[in-house]
Amino acid sequence: KIRELLNKKFPKADIEIVDTAGDSNHYSAIITAEEFRGKSRVEQHKLVYKALEGAMDGSDGILHALALQTRIK
């Protein structure tokens with residue numbers, strides 16, 4: 001589901017996702033996308049969180065923690 005949401009927003013990005021705790025809600029992600037060009041790290045991360053469409057929102061979220069790295073393609 002996470003990859004699907006990110007691919008929808010960043011269709012040409014290289015996306016690497018790892019379940020870091022083996023519990024299906026703690027992940028790390030490395031996203032390399034052209035959409036990040038000219039944006040600050042904070043702006044890049046905001047784009048990613050927006051793409052997740054609430055997947056990290058409160059107790060209803062499917063994702064509890066995300067260690068995020070963004071890079072420019």
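The values are calculated or read from the model by the stated rules, or taken from the named source; none is laboratory data. Owing to the predicted nature of the structure, the values given are computational and were not obtained by experimental measurement. Using ideal geometry, Cβ is built from the backbone for each residue, glycine included, and neighbour counts are taken over all protein chains shown. Note: accessible area is taken over every heavy atom of the protein model, side chains too, but ligands, DNA and RNA are not part of it. Shrake-Rupley method; radii C 1.70, N 1.55, O 1.52, S 1.80 Å.
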Practice task
With the Cα gyration tensor of the chain in hand, convert its eigenvalues to equivalent ellipsoid semi-axes via √(5λ) and list them largest first in whole Å.
Solution key: 20, 13, 11
Fill in the blank from the handout: With the 1.4 Å probe rolled over protein heavy atoms, the chain has an accessible area per residue in Å² of 64 Å²
Practice task
Give, rounded to the nearest 20 debye, the magnitude of the charge dipole that the chain has about its Cα centre when Lys and Arg contribute +1 at Cβ and Asp and Glu contribute -1 at Cβ.
Solution key: 420 debye
Practice task
On the protein heavy atoms, probe 1.4 angstrom, tell me the percent of accessible surface of region 2-73 carried by carbon and sulfur.
Solution key: 49 percent
Problem - Contact order normalised by residue count of the chain, Cα under 8 Å, 6+ apart, percent - result: 38 percent
Practice task
Measure nothing but the geometry: give the 0 to 90° angle between the long axis through the Cα atoms of 41-51 and the longest principal axis through the Cα atoms of the chain, rounded to 10°.
Solution key: 60 degrees
Practice task
Mind listing the long-range amide H neighbours of TYR27? Cut-off is under 5 Å, sequence gap 5 or more, other chains count too, H placed in the peptide plane at 1.01 Å from N.
Solution key: THR20, ALA65, LEU66, ALA67
Practice task
Counting only DSSP beta bridges with both residues in the chain, tell me the antiparallel percent, nearest 5.
Solution key: 45 percent
Fill in the blank from the handout: Sorting GLY22, LEU6, LEU63 by the position of each Cα along the dipole of the chain (Lys, Arg +1; Asp, Glu -1; all at Cβ), the one nearest the positive end of that ordering is LEU6
